[in-house]
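The block underneath contains the structure these notes are about, expressed in structure tokens.
The values are calculated or read from the model by the stated rules, or taken from the named source; none is laboratory data. In this text the structure is predicted, and so the values were computed from the model without any measurement. Cβ sites come from the backbone with ideal geometry, for glycine too, and all protein chains shown count toward neighbours. To get the accessible areas, we keep the full protein, side chains included, count just its heavy atoms, and leave off ligands, DNA and RNA. Shrake-Rupley method; radii C 1.70, N 1.55, O 1.52, S 1.80 Å.
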Amino acid sequence: MARAMFEYTKAVLEKVSFNKELFRKELEKAVNRLLPYEIKELYFWLREFTINKPDLHNCLVLVEH
């Protein structure tokens, strides 16, 4: 089930990426829900996902360790 939550989180983040505030809020929720190794994986996914979305780059701070 944990993997399903990770995939769900990515889907939600993709859908709300048009709005920086919504994206940040959903990312904060994800950090509270996911396991530590999933958060690390999410960070790598986010780096790739936000390459062409400079307004979302500052949200990476929420998942960096």
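Can you tell me which residue among E48, E64 is among the acidic types (D, E), out of contact with any helix residue (DSSP H, G or I) (no Cβ under 9 Å at 6 or more places or on another chain) and either open to solvent by 40 Å² or more (accessible area, probe 1.4 Å) or in contact (Cβ under 8 Å) with a residue 60 or more places away in the chain (or both)? Steps first, please.
Working: E64 fails: out of contact with any helix residue (DSSP H, G or I) (no Cβ under 9 Å at 6 or more places or on another chain).
Of E48, E64, the one residue that is among the acidic types (D, E), out of contact with any helix residue (DSSP H, G or I) (no Cβ under 9 Å at 6 or more places or on another chain) and either open to solvent by 40 Å² or more (accessible area, probe 1.4 Å) or in contact (Cβ under 8 Å) with a residue 60 or more places away in the chain (or both) is E48.
From L42, L22, grab the single residue that is out of contact with any Cys (no Cβ under 7 Å at 6 or more places or on another chain), under 19 Å from K53 (Cβ atoms) and buried (at least 16 other Cβ atoms within 10 Å of the Cβ). It would help to see each step written out before you state the result.
Details: L22 fails: buried (at least 16 other Cβ atoms within 10 Å of the Cβ).
Among L42, L22, only L42 is out of contact with any Cys (no Cβ under 7 Å at 6 or more places or on another chain), under 19 Å from K53 (Cβ atoms) and buried (at least 16 other Cβ atoms within 10 Å of the Cβ).
Could you say which residue among N32, N58 is open to solvent by 50 Å² or more (accessible area, probe 1.4 Å) and farther than 19 Å from R3 by Cα? Full working, then the answer.
Numbers: N32 fails: farther than 19 Å from R3 by Cα.
Step by step, each of N32, N58 is checked, and only N58 is open to solvent by 50 Å² or more (accessible area, probe 1.4 Å) and farther than 19 Å from R3 by Cα.
Here is a yes/no grid of residues against (1) within 12 Å of the chain's Cα centre (by Cα); (2) of a type in the set (A, V, I, L, M, F, W, C):
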| site | (1), (2) |
| --- | --- |
| R3 | no, no |
| E14 | yes, no |
| S17 | yes, no |
| F23 | yes, yes |
| L27 | yes, yes |
| R33 | yes, no |
| I39 | yes, yes |
| K53 | no, no |
| C59 | yes, yes |
Practice task
Take the stretch 1-19 and flag every residue that is touching a residue at least 24 places away in the same chain (Cβ under 8 Å), among the charged types (D, E, K, R) and open to solvent by 50 Å² or more (accessible area, probe 1.4 Å).
Solution key: E14
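Could you identify the single residue in R3, R33 that is basic (K, R) and touching an Asp or Glu at 6+ places or on another chain (Cβ under 9 Å)?
Numbers: R33 fails: touching an Asp or Glu at 6+ places or on another chain (Cβ under 9 Å).
Going through R3, R33 in turn, just one is basic (K, R) and touching an Asp or Glu at 6+ places or on another chain (Cβ under 9 Å): R3.
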Exercise for the section: May I ask you to verify whether K53 is open to solvent by 30 Å² or more (accessible area, probe 1.4 Å), modelled with pLDDT of 95 or more and out of contact with any Leu (no Cβ under 8 Å at 6 or more places or on another chain)? Expected result: no
